[in-house]
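A quick write-up on the structure given underneath.
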Amino acid sequence: MSKGKDRAALARQVVADQKAAERRRAVTLWTSVAVVLVLFVAGLIGYTTLTGQDEGELVVPSAAVDDGSAFAVGSGPVTVDVYEDFMCPACGNFEQTTGPALKQLAGEGRITLRFHPVAILDRFSKGAEYSTRAAAASAAAGQAGKFTEFHDALYANRPEENTTGLTDAKMIELAASAGLTDATFVDAVNEGTYKAWATQVTEKFSAKGFSGTPTITVNGEQVTDPTAETVTQAIEKATG
Amino acid sequence: METARQSRMPAAWPWISTVARLGLAAVWLIAGGLKVGDLAASARAVNAYQLMSYDTAKVVGAVQPFLEIAIGLLLLSGLATRLTAAISAILMVIFIAGISWAWAEGLRIDCGCFSDGGELGAGETTAYGVDILRDVVFVALSGLLVWRPRTRFSLDGLLLGER
């Protein structure tokens, strides 16, 4: 009698175990399916966000060279391309140490100096997108024929990273002190006319495989660890 | 005495795993959250590894932050913890491989400029080591969850009728 009772209990236990195992299997299966679905949807959101990005209307400044992505100083035989972000501290250093020498070489007709204002540090201006706004404003200055003057004024007043940067009004004020009061320039800065252009210049910079600023190339060849010395050496070598 | 000690450990595991699960969830949510606001920067960060074309890097850079946030949310809710933890571990291993590659190639990664001061500091190389070490810890946490996926306050537990 007691033996039969044990057996019944055992059978019930086996059935209960099987049911529990079945439930575990079902839960594992369906939760796994859910996970795959969630990840797929997340990926899809990322992809559609990328393809749906609206950069605004692209206005290429007609004064720009190199497929409309740079502003040139001088017209010497050696081409020196300078890729800079207006907020980047290393670019500020580079401008202080090497900028004058490069401008002199351009003035002497030895090099063609091409400035590519890229915007890679937008995330360091607390949502103010200073890098993009400054690059766009520099295009407006270039269009007005005063790229270098405005460029130098922005670097002389370079804001630190993790600040909101210079306001549009402040940039217009700096331009005025540098002799740039053109109404078209002021409008272009206020309306952000060249912001999409700044994004495009940055895209071209990335597509070339560059990732940091300043990036300097001499006749297309990148100068690693650019300093006044290494850059002038590369220029001398290219001059032959 | 001996049996009491043995039975205490199994009771503690779900709690240890819960801490691991929530910690990892925070890691993924923060990692994704930092990138999701600037997808262009995320694309450039991927591009900096020079492992794929820029067009591919753009897609990876855009998809990655959303995947990271999704993994964070899945871990937070505790849904299919073992599978999610396994995916988390695999991604971390991929990151470690990427950082090792960058280190081996001598690439300067993860800053728009060379560094704050412009000069490449002596500490620059050690940053790679620290990054790898950090990711190894995250792999270990993920591994722990693959091994012991039962946790408290999880959807898994709810669905299985655990209390």
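The values are calculated or read from the model by the stated rules, or taken from the named source; none is laboratory data. The shown structure was predicted, so the numbers you read here are calculated from the model rather than taken from an experiment. In this analysis, Cβ positions are derived from the backbone assuming ideal geometry, glycine residues included, and neighbour counts consider all displayed protein chains. The protein model used for the area step is the full one, side chains on, heavy atoms only, and it has no ligands, DNA or RNA in it. Shrake-Rupley method; radii C 1.70, N 1.55, O 1.52, S 1.80 Å.
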Pairs, first assigned to a loop (DSSP other than H, G, I, E, B) in the range A:218-229, second open to solvent by 50 Å² or more (accessible area, probe 1.4 Å) and not β-branched (Val, Ile, Thr), C-beta under 9 Å, six or more apart: A:Val223/A:Gln233; A:Asp225/B:Leu120
Residues of the range A:7-31 satisfying the condition of being open to solvent by 70 Å² or more (accessible area, probe 1.4 Å) and of a type in the set (Val, Ile, Thr): A:Val14, A:Val15, A:Thr28
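Go through the range A:201-228 and give me each residue that's more than 14 Å from chain B (Cβ to nearest Cβ) and either at pLDDT below 95 or over 24 Å from A:Ala134 (Cβ atoms) (or both). Give the steps one after another, and end with the answer.
The first filter runs over the range A:201-228 and keeps only residues more than 14 Å from chain B (Cβ to nearest Cβ), leaving A:217-221.
Within the range A:201-228, A:Val218, A:Asn219, A:Gly220, A:Glu221 meet the criteria.
Being among the aromatic types (Phe, Trp, Tyr) and assigned to a loop (DSSP other than H, G, I, E, B) is the filter; apply it to the range A:182-217 and report the residue that is nearest to A:Pro117 (Cα to Cα).
Filtering the range A:182-217 down to residues among the aromatic types (Phe, Trp, Tyr) leaves A:185, A:194, A:197, A:205, A:210.
Still in the list and also assigned to a loop (DSSP other than H, G, I, E, B): A:194, A:210.
Details: A:Tyr194: 11, A:Phe210: 13 Å.
Applying the filter and picking the extreme gives A:Tyr194.
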All positions within the range B:67-83 that are farther than 18 Å from A:Arg25 by Cβ, open to solvent by less than 40 Å² (accessible area, probe 1.4 Å) and facing chain A (nearest Cβ under 8 Å): B:Ala70, B:Ile71, B:Leu74
From the options A:Ala64, A:Ala90, residue that is more than 9 Å from every other protein chain (Cβ to nearest Cβ), out of contact with any Leu (no Cβ under 9 Å at 6 or more places or on another chain) and of a type outside the set (Asp, Glu): A:Ala64
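Considering the range A:95-118 alone, what residues qualify as being open to solvent by less than 10 Å² (accessible area, probe 1.4 Å) and within 21 Å of A:Met171 (Cβ to Cβ)? Please lay out each step first, then the result.
We begin by selecting, within the range A:95-118, every residue open to solvent by less than 10 Å² (accessible area, probe 1.4 Å); these are A:98-99, A:102, A:106, A:111, A:113, A:115-118.
Passing the criteria: A:Gly99, A:Phe115, A:His116, A:Pro117, A:Val118.
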Tally of residues being more than 8 Å from chain A (Cβ to nearest Cβ) and either within 18 Å of B:Leu74 (Cα to Cα) or not in a helix (DSSP H, G or I) (or both) across the range B:35-45: 1
Inter-residue pairs, beta-carbon under 6 Å, first closer than 17 Å to B:Gly98 by Cα and in the range B:57-85, second open to solvent by 30 Å² or more (accessible area, probe 1.4 Å) and of a type in the set (Lys, Arg), 6+ apart: B:Pro65/B:Lys35
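Does at least one position in the range A:148-155 carry a residue that is open to solvent by less than 40 Å² (accessible area, probe 1.4 Å), farther than 23 Å from A:Ser62 by Cβ, within 21 Å of the chain's Cα centre (by Cα) and modelled with pLDDT of 95 or more?
Restricting attention to the range A:148-155, the residues satisfying the condition of being open to solvent by less than 40 Å² (accessible area, probe 1.4 Å) are A:148, A:150-151, A:153-155.
With the extra rule that they be farther than 23 Å from A:Ser62 by Cβ, the set shrinks to A:155.
Keeping just the survivors that are within 21 Å of the chain's Cα centre (by Cα) gives A:155.
Pick out the ones that are also modelled with pLDDT of 95 or more and you get A:155.
The answer is yes; a qualifying residue exists.
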Which listed residue, of A:Thr202, A:Thr167, A:Thr193, is open to solvent by 50 Å² or more (accessible area, probe 1.4 Å), under 20 Å from the mean Cα position of the chain (by Cα) and not small (Gly, Ala, Ser): A:Thr167
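With of a type in the set (Ser, Thr, Tyr) and within 17 Å of A:Lys126 (Cβ to Cβ) as the only criterion, which of A:Thr163, A:Thr184 stands out?
After applying the criteria, what remains is A:Thr163.
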The range B:41-56, residues that are open to solvent by less than 40 Å² (accessible area, probe 1.4 Å) and under 21 Å from the mean Cα position of the chain (by Cα): B:Ala41, B:Ser42, B:Ala43, B:Arg44, B:Val46, B:Asn47, B:Ala48
